[in-house]
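Asker: Let me give you the structure first, and then I'll get to my questions.
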Amino acid sequence: MAKITPKLVNLDKFFTGKKYAIGDYVTYIDFEIAEFSHYLERMFPEEYVKYTSFKKIRETFYELPEIKKYYDNPDRIKMPFVEEKEPVPFPAW
């Protein structure tokens, strides 16, 4: 985590105050951030709470009508890693 923390700090500063990753419109980067933020939250929950811009972008992204419709559909393809509610223990290597 030590190597990625400075990068997360910089990204959080860059994203802060923006509706989406690079401004007021959606780009493919928002898809990536929404997915990445799930992994960050599941693997490092204590770190995830520090970077509020990731959560804000993810929430804004999931409120897009097309995205919301997809995730509200019970027949959608579910991802086990993201859908689980309990934290995933990270191996201590």
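Rule-based calculations on the coordinates, nothing more; no lab input. Given the structure is predicted, the values throughout are model-derived calculations rather than measurements.
Asker: With the cut-off at 1.5 for a/c, could you classify region 25-84 from its C-alpha gyration tensor as rounded, prolate or oblate?
Answerer: It comes out oblate by the Cα gyration axes.
Asker: Quick one: Karplus J couplings for region 19-29, per residue in order, coefficients 6.51, -1.76, 1.60, θ = phi - 60°, nearest Hz, x for Gly and Pro?
Answerer: Coupling constants for region 19-29: 6, 10, 3, 10, x, 9, 9, 7, 10, 4, 4 Hz.
Asker: Can you work out ³J(HN,Hα) from phi for every residue in region 37-46, in order, using Karplus 6.51 cos²θ - 1.76 cosθ + 1.60 and θ = phi - 60°, giving whole Hz and x for Gly and Pro?
Answerer: Those phi angles translate into 5, 5, 5, 4, 5, 6, 8, 9, x, 5 Hz.
Asker: Mind checking which lysines have their Cα closer than 16 Å to the Cα of LYS78? Skip sequence neighbours fewer than 8 apart in that chain.
Answerer: Hits, sequence-local ones excluded: LYS68, LYS69.
Asker: Oh, and also: Could you go through region 13-18 in sequence order and give the Karplus-derived ³J(HN,Hα) for each residue, using 6.51 cos²θ - 1.76 cosθ + 1.60 with θ = phi - 60°, rounded to whole Hz, and x for Gly and Pro?
Answerer: Calculated HN-Hα couplings, in order: 4, 5, 6, 4, x, 9 Hz.
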